[in-house]
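Following: one structure in structure tokens, then a few remarks.
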Amino acid sequence: ARPTPAHPTPRAPVGTLELGLTEQGLGRGTSMVCSEQIVTMSSSSSSNIIESKSVKNNTAIGGKKNHNKYRRDKPWDTPDVNHWEVKPWDETDGDALPGGRLLEESSFATLFPKYREKYLREVWPLVTRSLDKHKIACELNLVEGSMTVRTTRKTSDPYIVLKARDLIKLLSRSIPAPQALKILNDDFHCDILKIGGLVRNKERFVKRRQRLIGPDGATLKALELLTQCYILVQGNTVSVMGTHKGIKKVRTVVMECMKNIHPVYNIKRLMIMRELEKDPKLKDESWERFLPTFKKKNVQRRKPRQLVEEKKKMAVAAVASSSVTASAREGGSKGTAAKKKKSYTPFPPAQLPSKIDMQLDSGEYFLSERERKSKKLEEKRVASREKSEEKRAAREREFIHPSLLRGDGAKIVENGGPKIKTDEMKAKGDASEDVERLVNKFAKPGKKRKGVESKVEDEDASDFIVGLDKKKKKKKDKRQTTE
């Protein structure tokens with residue numbers, strides 16, 4: 001028989017067993033972790049007994065677990081005890097700290113905006129008197145723009161300093177002092193909801209925040225009546241004062257409003273829930289069948305003007321193309337010709353040259369900035385000079401008779417005046433003859449002139465004096481009669 005050792009073999013730790021297998025050829029530093037089995041070493045025998053955890057678990061699952069095994073009777077816990085009731089701190093009723101006072105000083109500080117400085121200076125005596133009743137010290141620092149509250153040696157309520165912290169936070173968020181001082185009561189709680197980072201677009205954020213307030217504050221007032229909370233929307237935050245239940249409802253409405261869900265829908269649900277609370281029969285039933293469910297609708301928004309104009313242009317082009325195809329069909333063979341289909345190629349089109357590539361091709365890339373600017377300036381001057389020459393030629397063309405111009409309107413411009421070609425000079429002589437022919441045609445009968453010169457010679461002042469020709473005729477008649 002083998003002698004038993006003085007010290008029994010220690011039992012392996014429950015859970016995992018790590019075995020180093022460096023000498024068995026499985027690789028240096030290799031380890032195996034047995035997570036499903038527990039290895040126990042027995043001192044009475046040399047064999048190893050392996051027990052499976054799964055067997056133990058099965059036995060535990062097979063039988064019903066006794067949950068009341070370790071429970072003890074609690075005679076003080078009766079059904080009429082309200083565990084949610086918050087009793088106020090009352091020193092006369094025996095509420096006191098274990099050591100009689102707080103061991104360390106606790107303090108909280110918060111900053112306030114510049115526009116609140118004047119109001120805080122006016123109401124600070126009221127705040128100080130209210131905090132002195134609870135033996136809390138307060139300080140208003142106008143240099144740093146901060147408010148501080150701290151405990152003193154006389155402070156007995158350990159939670160009142162947190163209430164004082166909420167008070168200065170509410171004062172800095174533009175809540176009136178009489179309303180903010182209600183937070184010192186145990187029935188009131190507060191929450192500051194940050195809505196500034198929920199919407200990226202500034203204009204959209206302002207619209208949704210205004211939607212939460214409503215016309216003349218009607219939406220906010222309805223929310224206050226339904227939740228029994230005080231709500232103030234200021235800047236990028238929403239300050240709420242009330243019970244825990246009411247604050248939770250307000251938070252839901254505000255967050256959904258920032259997610260583009262109108263507050264009216266949630267207000268309607270709250271109104272129905274308030275009516276259902278009055279019925280004791282529905283106390284233990286689900287209210288989902290009574291509450292309305294609103295589906296999200298995709299309302300078509302107004303399209304930008306550019307998109308509308310592009311759509312109109314496309315419609316006009318489609319009508320024009322349809323009319324062209326109709327006329328082509330009537331024309332016959334022209335309309336029968338179909339468009340050639342482009343052959344499919346798996347290769348993409350060639351990449352267009354970039355601005356740098358074009359500069360490298362022209363050599364402009366290697367020029368300095370000054371040379372580049374001077375080159376661009378010179379190109380602009382040349383282009384403007386050519387444009388001015390074209391405009392000048394067009395103005396001079398207006399003073400040339402249309403018959404003197406050929407179909408292409410060719411002419412030579414030298415020394416600031418037009419010089420017509422030889423063919424045009426011949427045409428000029430023919431044009432002058434046509435003018436003389438027209439003048440003779442419309443002349444008075446008996447006074448037709450062969451040329452313009454004869455017209456000037458035959459002209460007399462009597463032709464321009466009214467009645468002078470008649471007097472001459474009368475004198476001639478008298479002379480003939482006397483004779």
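The values are calculated or read from the model by the stated rules, or taken from the named source; none is laboratory data. Fair warning: this is a prediction, and the values are worked out from it, not measured in the lab. Cβ sites come from the backbone with ideal geometry, for glycine too, and all protein chains shown count toward neighbours. With ligands, DNA and RNA removed, areas are computed over all heavy atoms of the protein, side chains included. Shrake-Rupley method; radii C 1.70, N 1.55, O 1.52, S 1.80 Å.
Restricting attention to the range 351-358, does a residue exist that is among the polar types (S, T, N, Q), at pLDDT 85 or above, open to solvent by less than 70 Å² (accessible area, probe 1.4 Å) and in contact with a helix residue (DSSP H, G or I) (Cβ under 6 Å, 6 or more places away or on another chain)? Show your work before the answer.
Of all residues in the range 351-358, those among the polar types (S, T, N, Q) come to 351, 354.
Among the residues that remain, those that are also at pLDDT 85 or above are: 351, 354.
Still in the running and open to solvent by less than 70 Å² (accessible area, probe 1.4 Å): 354.
This time we only want the ones that are in contact with a helix residue (DSSP H, G or I) (Cβ under 6 Å, 6 or more places away or on another chain), so: none.
The answer is no; no qualifying residue exists.
Just name the residue that is farthest from PRO98 (Cα to Cα) out of those in the range 132-161 that are among the hydrophobic types (A, V, I, L, M, F, W, C) and touching a residue at least 40 places away in the same chain (Cβ under 8 Å).
First, the residues of the range 132-161 that are among the hydrophobic types (A, V, I, L, M, F, W, C): 136-138, 140, 142-143, 147, 149, 160-161.
Within this subset, residues satisfying the condition of being touching a residue at least 40 places away in the same chain (Cβ under 8 Å) are 149, 160-161.
Details: VAL149: 23, ILE160: 17, VAL161: 18 Å.
Result: VAL149.
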*asked:* So ALA137 passes all but one of these: (1) closer than 15 Å to LEU184 by Cβ; (2) open to solvent by 70 Å² or more (accessible area, probe 1.4 Å); (3) among the small types (Gly, Ala, Ser). Which condition number does it fail?
replied: (2)
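To keep it simple, each residue is scored yes or no on (1) closer than 23 Å to GLU117 by Cα; (2) at pLDDT below 95; (3) open to solvent by 40 Å² or more (accessible area, probe 1.4 Å); (4) out of contact with any Cys (no Cβ under 7 Å at 6 or more places or on another chain).
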position	(1), (2), (3), (4)
VAL149	yes, no, no, no
LEU184	yes, yes, no, yes
ASP187	no, yes, yes, yes
LYS202	no, yes, yes, yes
*asked:* List pairs: first residue in the range 203-230 and touching a residue at least 24 places away in the same chain (Cβ under 8 Å) and among the aromatic types (Phe, Trp, Tyr), second residue part of a helix (DSSP H, G or I) and open to solvent by 30 Å² or more (accessible area, probe 1.4 Å) anywhere in the structure, Cβ distance under 8 angstrom, at least six positions apart or on different chains.
replied: TYR230/GLN179; TYR230/GLU224
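Report those strands (runs of 3 or more DSSP E) wholly inside the range 83-202 carrying at least 1 residues which are in contact with a Ser or Thr (Cβ under 7 Å, 6 or more places away or on another chain) and under 30 Å from VAL253 (Cα atoms). Before you say what the answer is, go through the steps one by one.
Numbers: elements: 107-111, 136-141, 146-151, 189-194.
Counting at least 1 such residues, we get 107-111, 189-194.
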_I'm checking my understanding of the structure. Among residues of the range 359-405 that are loosely packed, with under 12 Cβ neighbours inside 10 Å and not in a helix (DSSP H, G or I), which one is nearest to the chain's Cα centre (by Cα)?_
SER368
